[in-house]
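A short worksheet on the structure shown next.
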């Protein structure tokens, strides 16, 4: 594990601890769950290929 990864985990735990102190544990857990469920929205979209683009050309493949 890298130093930056460990540092990021420590910072996020401190932020969630402060949030839980200010709002209560239930609100902090609820917010973290909502953010966790929203993470797929941050992923890049996939471009779907048509059947014609998926078809591979008939080429001779050398066998080793």
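Fully extending the segment from residue 1 to residue 13, taken as 0.36 nm per residue of separation minus the present Cα-Cα distance, adds 2.6 nm. Peptide packing for 6-15, 19-28 was compared via the average number of neighbouring C-beta atoms within 10 Å per residue; ordered from the highest value, the list is 19-28, 6-15.
A short reminder: the numbers here are calculations on the coordinates, not readings from a lab. Everything numeric here is computed off the predicted structure, so don't read it as measured data. In this analysis, Cβ positions are derived from the backbone assuming ideal geometry, glycine residues included, and neighbour counts consider all displayed protein chains.
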